[in-house]
Amino acid sequence: MAIRWLDRNETCLLPPEVRKKTFKEYDLGYTINQLLDECDRCIFCRDYDKRCKAGCPVGNDIPVFIDHVEKGDLIGAYKVLLKTNPFPAITGRVCPQERLCEGSCILTYDTVRKKKNKGLAVGIGAIERFIGDAIRISGIEIDEEIKPDTGKKVAIIGAGPGGLTAAYYLRKEGHEVHVFDALPYIGGVMMYGIPPERLDRSVLEWEEKRLRKMGIKFHLGVLVGRSITLYDLYKDFDAIILATGSGRGKMMGIPGEDLNGVYTAIEFLTRVNMMKAYKFPESATPVKLGKRTAVIGGGFTAVDCVLDAIRLGVETHLVYRRTRETSSARDVEWDHVAEEGAILHWLTQPIEIIGDENGNVKGLKCVKMQLVEDPNGGRPRPKPIEGSEHIIEVDSVIFAVGQDANPTAYEGVKEIQTNKWNNVDVDDHFRTSWKGVFAVGDLVNGGDTVVRAIAHGRKAAQYCHEYLTTGEWPENWEAHPKPWTL
Amino acid sequence: MATEKSVLSLLDKPKVVGKKQVSPRGYFMEIYLPLVANNAKPGQFVTIQATEMSARQPMQIVDTNPEKGTFSILVEAYNRSTVELVELFSEGEELFNVEGPNGKPFPVEKYGTVLLIGHGWGAGANYPIAKALADAGNEVYIAIVGGSRENIYCESEYKQLFGEDKVSVYTEDDEYGKEGGVVQALEDFINEKGQPDLVVFAGGASHGEMLAEATKEKGIKNLSLVPSLMLCTSGLCLTCRVKVGDKMVMNCIEGPYLDGNQVDWKNVTFRTGYYWDLEKESLEYFLNKLLPKLKRKKEKKQNQ
Ligand SMILES: Cc1cc2nc3c(=O)[nH]c(=O)nc-3n(C[C@H](O)[C@H](O)[C@H](O)COP(=O)(O)OP(=O)(O)OC[C@H]3O[C@@H](n4cnc5c(N)ncnc54)[C@H](O)[C@@H]3O)c2cc1C
Ligand code: SF4
Ligand code: FES
């Protein structure tokens, strides 16, 4: 049969004019016929473990679930996914697949011969999402196999993807699992960061129900380090998994950051996505961008701020000191926000926020940049162009320039070794320097992806289970030198 | 912060168990949540999100009762969150979420003579600190200040604990007690008893600002509750950032009591005012649209 190199099915998006006015999801996913047709494009590589599977941080058995779909067995496909990933409806939506599984699909790139191929990858993300959604809306409740109670108790701190995944796999082993989070909702960044137009909250709600039904206990509104300490938990539990992320907001240290109308991305997104400021005044939490706003940054988070700001009806400027090609967000995402009316300023570096006489933001002073070769052979570096100062007139500014460590849970706990970024050191089994305490997710690598946190959560659950069963812990614990490769 | 009881035995759903009105807008509310009742230290607060649609409102813990598993807060109902609390909740009703105890405990040490000045709800905030400082061997004096009589709280509680002569009351409209505000309270104290070793303040930012000018000038140590805006109250969002000297401090995890002489009060006052128009709109929406609807719903439920 001829290989279908190029006729990839693309998901249907709401048109820009419609989607920019709603916080509803704009990517509608595959129809059933697209799903079946796309599955037909997979050529079932025998060495798929060196290809799509190797590109997937959780190691999903991609052609195996595709095969189940083709045979008319969505439930079977879902069960294949659950072995490696408890939340396919989430990852199917939020993963940067073009860099992961799809980037290693033979149709687009031959990972074995290390050369580009002429085709477009199988739409793995959209297939995965379909499978998760199909089960979610089918009304079928998949019974999770849970082993008999072991009598062991595990405390998981942080209800983001890393913590939830560890909870899922540890509960399946029969342990009593308690998840603590400071915030009143589960999900971590998936709740307060990633906006509902990219990840509908009904998905998170459904996943929460599943986890509760398995008997996982949630304790929301407990700030470890203040409400209770890690020592309290250490006393009462047989093992602890730290999954508190690395999500503290950050600014640049330029003049004017204490003016009114200056937000970190995390504040802005939390107001809108978690506290539902888009429903103000029915929802009591306000957000106030004025008529025009500037979002500073070039990654995931910047895109999300732009999406939300546009949906609030605000004229939105994106300001980034590098080029579109060198930004870390996906190219199509810039296309999407540009179609929605965002004004993109590339090679533009903010140097000062200008305030009016009342201390409110009235503009963002910037300089234009040019990219110059790095003499050491690194990424080309942006350099200011002399005399290019200009002011973008805006009423508010949102800093999406990265996140810092959030060490409240383990600050001052001398048993836990941290690194120079104040994140937690682990060895190759996700063990921290303190016996019985593991760490996963952004907390370990300083910030990566949902799927990476899920991968950590699953592996750590396995190692934690081994520890609970054998009590073994290494005599000479050593920190992994490159935690971002875990 | 460490507790003798097991963590799991302290976790439960937060519930209002008592509500007592003490002035036209002032209410003491008693909330059941054993974790807070057992673990709270003087100076810590809780964050209350009363309903799914409510904002997250920080509230100082005024008192705790570990045996009953309850703690109390002083609610001066002036914005949407506080009005929601007193209008929608009565005995036995569950709150959507309460996070806490939050914030750094107040540094209870032996300072010598301490004057605690509370403006409005701040008198409640200072209450557990006054007790702890007295227990630590300090000479404790209390000034309760309010715009007018209806903003004077905890007068009898303080007097009972410390004696009449240790407690003075001020109103800015001279309706009750002595006339004057927070600075007057400090100056009178100095005239009578000399300079205190420490001033503790809680209340609105503009009063904190005036008081800090006086303590700075006189060289008196000042620990003040900084009523900054807050959102996540867990050290993520930086909404609560306050300039203290040349440092940026996250008030939700490092405060709420900070070095009052170093705090950039102008910026606090100014930034806390950013949403005033929206807050007004939000309160009006609640009173005119939501509250009647919710009341009708409740009545219907009760009739059934
Ligand atoms: C705006 C934004 C958009 C993103 N978009 C994507 C995307 O599209 N795709 C993708 O793959 N990745 C994305 N990411 C990255 C991804 O969200 C993170 O890598 C992932 O969520 C990390 O998971 P985690 O479990 O380690 O921690 P988090 O999701 O950060 O969860 C940590 C949890 O711990 C809680 N916590 C922290 N400290 C304490 C404490 N002391 N006590 C109690 N609880 C505590 C927090 O409240 C939080 O709920 C995005 C990140 C951001 C900020
Ligand atoms: S690499 Fe692509 S074609 Fe090969 S099995 Fe994986 S998804 Fe199918
Ligand atoms: S309120 Fe979010 S960091 Fe303090």
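Candidates are the residues of the range A:157-174 that are surrounded by fewer than 24 Cβ atoms within 10 Å (Cβ to Cβ) and assigned to a loop (DSSP other than H, G, I, E, B); the one that is farthest from ligand 1 (Cβ to nearest atom) is A:G174. One residue is enough: does the range A:70-93 have a residue meeting the conditions within 13 Å of ligand 2 (Cβ to nearest atom), among the hydroxyl-bearing types (S, T, Y) and away from chain B (no Cβ under 14 Å)? Among the residues of the range A:70-93, not one is within 13 Å of ligand 2 (Cβ to nearest atom), among the hydroxyl-bearing types (S, T, Y) and away from chain B (no Cβ under 14 Å), which makes the answer no.
What residue, among those in the range A:281-323 that are free of Cβ contacts under 8 Å to residues at least 60 places away in the same chain and within 14 Å of another protein chain (Cβ to nearest Cβ), is surrounded by the fewest Cβ atoms within 10 Å (Cβ to Cβ)? Filtering the range A:281-323 for residues that are free of Cβ contacts under 8 Å to residues at least 60 places away in the same chain and within 14 Å of another protein chain (Cβ to nearest Cβ), the one surrounded by the fewest Cβ atoms within 10 Å (Cβ to Cβ) comes out as A:E282. Within the range B:267-284, is even one residue more than 12 Å from chain A (Cβ to nearest Cβ), of a type in the set (V, I, T) and touching a residue at least 12 places away in the same chain (Cβ under 8 Å)? No, there is no match, as no residue in the range B:267-284 is more than 12 Å from chain A (Cβ to nearest Cβ), of a type in the set (V, I, T) and touching a residue at least 12 places away in the same chain (Cβ under 8 Å). Whenever a residue of the range A:471-486 is assigned by TED's automatic domain parsing to the domain that holds A:T449 and farther than 18 Å from A:V440 by Cα, its partners that are charged (D, E, K, R) and not in a loop (DSSP other than H, G, I, E, B), lying with C-beta atoms within less than 9 angstrom and at least six residues away or across chains, give the pairs A:E472/A:E466; A:P474/A:R431. When the range A:432-483 is limited to residues that are β-branched (V, I, T) and surrounded by 16 or more Cβ atoms within 10 Å (Cβ to Cβ), the one that is nearest to ligand 2 (Cβ to nearest atom) turns out to be A:V451. Just one of the numbered conditions (1) within 14 Å of chain B (Cβ to nearest Cβ); (2) within 23 Å of the chain's Cα centre (by Cα) is not true of A:A166: (1). Each residue in the range A:223-250 was checked for being surrounded by 21 or more Cβ atoms within 10 Å (Cβ to Cβ), part of a loop (DSSP other than H, G, I, E, B), within 16 Å of ligand 3 (Cβ to nearest atom) and at the interface with chain B (Cβ under 9 Å from one of its Cβ atoms), and 7 pass. Inclusion of A:T326 among residues that are surrounded by fewer than 18 Cβ atoms within 10 Å (Cβ to Cβ) and not assigned by TED's automatic domain parsing to the domain that holds A:T449 is warranted.
Residues of the range B:149-169 include at least one that is polar (S, T, N, Q), without any contact (Cβ under 8 Å) to a residue 40 or more places away in the chain and under 20 Å from B:S224 (Cα atoms). Within the option set A:P148, A:P96, being over 24 Å from A:I216 (Cβ atoms) and out of contact with any helix residue (DSSP H, G or I) (no Cβ under 6 Å at 6 or more places or on another chain) holds for one residue only, A:P96. When the residues of the range A:49-72 are filtered to those that are of a type in the set (D, E, K, R) and touching a helix residue (DSSP H, G or I) at 6+ places or on another chain (Cβ under 7 Å), the one that is farthest from ligand 3 (Cβ to nearest atom) is A:E70.
For the range B:8-30, a residue qualifies if it is of a type in the set (A, V, I, L, M, F, W, C), within 12 Å of another protein chain (Cβ to nearest Cβ) and either in contact (Cβ under 8 Å) with a residue 24 or more places away in the chain or in contact with a Gly (Cβ under 7 Å, 6 or more places away or on another chain) (or both), and the qualifying residues are B:L10, B:L11. Residues in the range A:260-276 that are away from ligand 1 (no atom under 12 Å from the Cβ), in contact with a Lys or Arg (Cβ under 9 Å, 6 or more places away or on another chain) and touching a residue at least 40 places away in the same chain (Cβ under 8 Å): A:N260, A:G261, A:Y263. Considering only residues that are within 14 Å of chain A (Cβ to nearest Cβ) and out of contact with any helix residue (DSSP H, G or I) (no Cβ under 8 Å at 6 or more places or on another chain), which ones fall in the range B:102-140? B:P105 - this is the single residue of the range B:102-140 that is within 14 Å of chain A (Cβ to nearest Cβ) and out of contact with any helix residue (DSSP H, G or I) (no Cβ under 8 Å at 6 or more places or on another chain). Here the condition is being facing another protein chain (nearest Cβ under 10 Å) and either farther than 25 Å from B:G118 by Cα or of a type in the set (V, I, T) (or both); of B:I73, B:I48, B:I61, it holds for B:I48 alone.
Is it the case that some residue within the range B:231-247 is more than 9 Å from every other protein chain (Cβ to nearest Cβ), touching a residue at least 24 places away in the same chain (Cβ under 8 Å) and in contact with a strand residue (DSSP E or B) (Cβ under 8 Å, 6 or more places away or on another chain)? Within the range B:231-247 (the criterion being more than 9 Å from every other protein chain (Cβ to nearest Cβ), touching a residue at least 24 places away in the same chain (Cβ under 8 Å) and in contact with a strand residue (DSSP E or B) (Cβ under 8 Å, 6 or more places away or on another chain)), the answer is yes, since at least one residue qualifies. Taking the range A:301-375 and the strands (runs of 3 or more DSSP E) fully enclosed by it, the elements with 1 or more residues that are in contact with a helix residue (DSSP H, G or I) (Cβ under 7 Å, 6 or more places away or on another chain) are at A:315-319, A:343-345.
Of the strands (runs of 3 or more DSSP E) lying entirely inside the range B:81-151, those containing at least 2 residues that are among the hydrophobic types (A, V, I, L, M, F, W, C) are B:113-119, B:139-146. If you filter the range A:81-93 down to residues that are crowded, with 21+ Cβ neighbours inside 10 Å and in a helix (DSSP H, G or I), you find that the one that is nearest to ligand 3 (Cβ to nearest atom) is A:I90.
Against the list (1) in contact with a Pro (Cβ under 9 Å, 6 or more places away or on another chain); (2) more than 16 Å from ligand 3 (Cβ to nearest atom); (3) of a type outside the set (G, A, S); (4) within 14 Å of chain B (Cβ to nearest Cβ), the condition A:D442 fails is (1). Against the test of being among the charged types (D, E, K, R), away from every other protein chain (no Cβ under 14 Å) and in contact (Cβ under 8 Å) with a residue 12 or more places away in the chain, the options B:E91, B:E99 yield a single qualifying residue, B:E91. Annotation note: Cβ proximity below 6 Å between a residue of the range A:449-465 that is under 13 Å from A:L486 (Cβ atoms) and a residue that is among the small types (G, A, S) and in a loop (DSSP other than H, G, I, E, B) (sequence gap 6+ or interchain) occurs for A:A453/A:G441; A:H456/A:G441. Within the range A:113-131, being surrounded by 12 or more Cβ atoms within 10 Å (Cβ to Cβ) and either outside any helix (DSSP H, G or I) or without any contact (Cβ under 8 Å) to a residue 60 or more places away in the chain (or both) holds for A:N117, A:G119, A:L120, A:A121, A:V122, A:G123, A:G125. The lone criterion from (1) more than 7 Å from chain B (Cβ to nearest Cβ); (2) without any contact (Cβ under 8 Å) to a residue 40 or more places away in the chain; (3) part of a loop (DSSP other than H, G, I, E, B) left unmet by A:K209 is number (3). Quick check: anything in the range A:400-409 over 23 Å from A:A155 (Cβ atoms) and among the β-branched types (V, I, T)? Yes: one or more hits. Residue-level analysis places A:M214 outside the set of residues that are over 30 Å from B:P42 (Cα atoms), of a type outside the set (V, I, T) and within 8 Å of chain B (Cβ to nearest Cβ).
The values are calculated or read from the model by the stated rules, or taken from the named source; none is laboratory data. Here the structure is a predicted model, which means the values were calculated and not measured. Because the Cβ atoms are built from the backbone with ideal geometry, glycine has one as well, and the counts that use them run over all protein chains shown.
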